[in-house]
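Asker: Sharing a structure here in structure tokens format.
The values are calculated or read from the model by the stated rules, or taken from the named source; none is laboratory data. None of these values were measured; they are calculated from a predicted model. A quick note on method: Cβ atoms are made from the backbone with ideal geometry, for glycine too, and the neighbour counts reach across all protein chains shown. Calculation scope for accessible area: heavy atoms of the full protein, side chains included, ligands and nucleic acids excluded. Shrake-Rupley method; radii C 1.70, N 1.55, O 1.52, S 1.80 Å.
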Amino acid sequence: MVPEVVFVLGAPGSGKGTQCSLISKEYDFVHLSAGDLLREERQRPGSEYGEMIEEKIRNGEIVPVEVTCSLIHKAMQNSGKTRFLIDGFPRNKDNLDGWNRVMFDKTKLLFVLFFECSRDICTERCLGRGAAGSGRSDDNLESLQKRFNTYLNDTLPIINHYDEQNLVRRISAEVAPEKVFEDVKIAFNNIGLKRIAN
Ligand code: UDP
Ligand code: MG
């Protein structure tokens, strides 16, 4: 079976990671966060990309797709599974083109989950996460401003690109996680994906 993919996009702090962990508990999807994979690679002893990744993350810039896409591809292969939530990717045109070059024929894109949330709420959440000890070097006001600029300039056009193909499932993400998840489930149930029996 060709691996099936759902891209999960939205502003920093819109709740992508939170919703992905809820989804992966109820549906048979492996959660792959591009940001987490990059942070892992940054920590890997001997990685030739560590410093570059740290600089990009701190500045809210996007890592070249060759690095990110190969981390995602490897994680997909290592999982031995066939359904994936790809959280926080593709974030710009370089990501989109790089994915399509290597992965378009190897995967089936089911849809794109898009979490909509105001900048004020997102900022508050990320700063709260930083204050609560996320340990992330980009959960501070200066990095957040840069991350938001990147999101508005580079990521929104990617969402529009998929919207033109009717692949975007838009979810309002300003309420509590359990409430947001109610809408998320509709998107998954609509394409006939079964929940894991428990
Ligand atoms: N990042 C990247 N490429 C990706 C995903 C993330 O370069 O495909 C970098 C980018 O610098 C981004 C940071 O990792 O600002 C954090 O991304 P993450 O998705 O973890 O942040 P979130 O949006 O979940 O707050
Ligand atoms: Mg995240």
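Asker: Need the C-alpha centroid separation for the stretch 79-93 versus the stretch 119-198, integer Å.
Answerer: 14 Å
Asker: A further question on this structure: Can you say what percent of the DSSP beta bridges in the chain, counting only those with both residues inside, are antiparallel? Round to 5. Before the final figure, lay out each step's value.
Answerer: Values: 1 of 22 bridges.
Taking every DSSP beta bridge with both residues in the chain, the antiparallel ones total about 5 percent.
Asker: Spin-label point model (7 Å from Cα, Cβ direction): what's the residue 191 to residue 97 distance in nm?
Answerer: 2.6 nm
Asker: Among 97, 120, 154, determine the one that fluctuates most according to a GNM of the chain built with springs between C-alpha atoms less than 10 Å apart.
Answerer: Its mean-square fluctuation being the largest, the pick is 120.
Asker: Now, a different point. Pop out the ³J(HN,Hα) list for the stretch 159-164 in order, Karplus 6.51 cos²θ - 1.76 cosθ + 1.60 with θ = phi - 60°, rounded to Hz; leave Gly and Pro as x.
Answerer: Karplus values, whole Hz, x for Gly and Pro: 5, 4, 4, 6, 4, 4.
Asker: Straight-line reach from residue 106: which aspartates and glutamates fall under 13 Å, measuring Cα to Cα and dropping same-chain residues less than 8 apart?
Answerer: Qualifying aspartates and glutamates at Cα under 13 Å: 4.
Asker: Now for a different question. On the protein heavy atoms, probe 1.4 angstrom, tell me the percent of accessible surface of the stretch 69-198 carried by carbon and sulfur. Present the calculation step by step, with values, prior to reporting the outcome.
Answerer: Working: 3460 of 7200 Å².
After summing per-atom areas, the C and S share lands at 48 percent.
Asker: Tell me, what is the per residue accessible area of the chain in Å², probe radius 1.4 Å?
Answerer: On the way: 10270 Å² over 198 residues.
For the chain, the solvent-accessible area averages 52 Å² per residue.
Asker: Continuing with this model, one more query. Let me know the charge dipole size of the stretch 108-198 about its Cα centre in debye, to the nearest 20, where only the beta-carbon of Lys, Arg (+1) and Asp, Glu (-1) is charged.
Answerer: On the way: 13 positive and 13 negative charges, 86 e Å.
Computed about the Cα centre, the dipole is about 420 debye.
Asker: Based on the alpha-carbon gyration tensor of the stretch 127-198, what equivalent-ellipsoid semi-axes (square roots of 5 times the eigenvalues) come out, in whole Å, largest first?
Answerer: Working: eigenvalues 164, 86, 19 Å².
The three semi-axes for the stretch 127-198 are 29, 21, 10 Å.
Asker: Please find the FRET efficiency linking residue 134 to residue 28, where r is the Cβ-Cβ separation and R0 is fixed at 22 Å, and quote it to the nearest 0.05.
Answerer: On the way: r = 28 Å, r/R0 = 1.29.
Computed FRET efficiency for residue 134 and residue 28 comes out at 0.20.
Asker: Could you work out, for the chain, what percent of all Cα-Cα pairs fall into each 5 Å distance bin, beginning at 0 Å and stopping at the bin that holds the largest distance?
Answerer: Reading upward from the zero bin: 1, 7, 16, 21, 22, 18, 11, 4, 1.
Asker: Would you calculate, for the chain, the mean residue ellipticity at 222 nm contributed by helices, counting each DSSP H stretch of 4 or more residues as -39,500 (n - 2.57) and dividing by all residues, to the nearest 500?
Answerer: Value at 222 nm, helices only, nearest 500: -15500 deg cm²/dmol.
Asker: Any idea what diffusion coefficient the stretch 88-158 gets from Stokes-Einstein, in µm²/s, Kirkwood Rh on alpha carbon pairs, 37 °C, 0.692 mPa s?
Answerer: Taking Rh from Cα pairs, D becomes 235 µm²/s.
Asker: Working out 0.36 nm times the residue gap between residue 2 and residue 182, then minus their Cα-Cα distance, what length gain in nm do you get to one decimal? Write out the running numbers ahead of the final one.
Answerer: On the way: separation 180, 0.36 × 180 = 64.80 nm, distance 2.79 nm.
Value of the extension gain: 62.0 nm.
Asker: Give me, ordered by chain and number, the residues 5 or more places off residue 108 or on other chains with an amide H under 5 Å from its own placed amide H.
Answerer: Those qualifying (amide H under 5 Å, at least 5 residues apart or on another chain) are 4, 5.
Asker: Okay, moving on. Starting from 0.36 nm per residue, how many nanometres of slack lie between residue 119 and residue 58 once their C-alpha separation is accounted for? Can you show the working numbers first?
Answerer: Details: separation 61, 0.36 × 61 = 21.96 nm, distance 1.87 nm.
Length difference between fully extended and current span is 20.1 nm.
Asker: Could you tell me the center-to-center distance, by alpha carbons, between the stretch 1-16 and the stretch 17-68 in angstrom?
Answerer: Between the Cα centre of the stretch 1-16 and that of the stretch 17-68, the gap is 13 Å.
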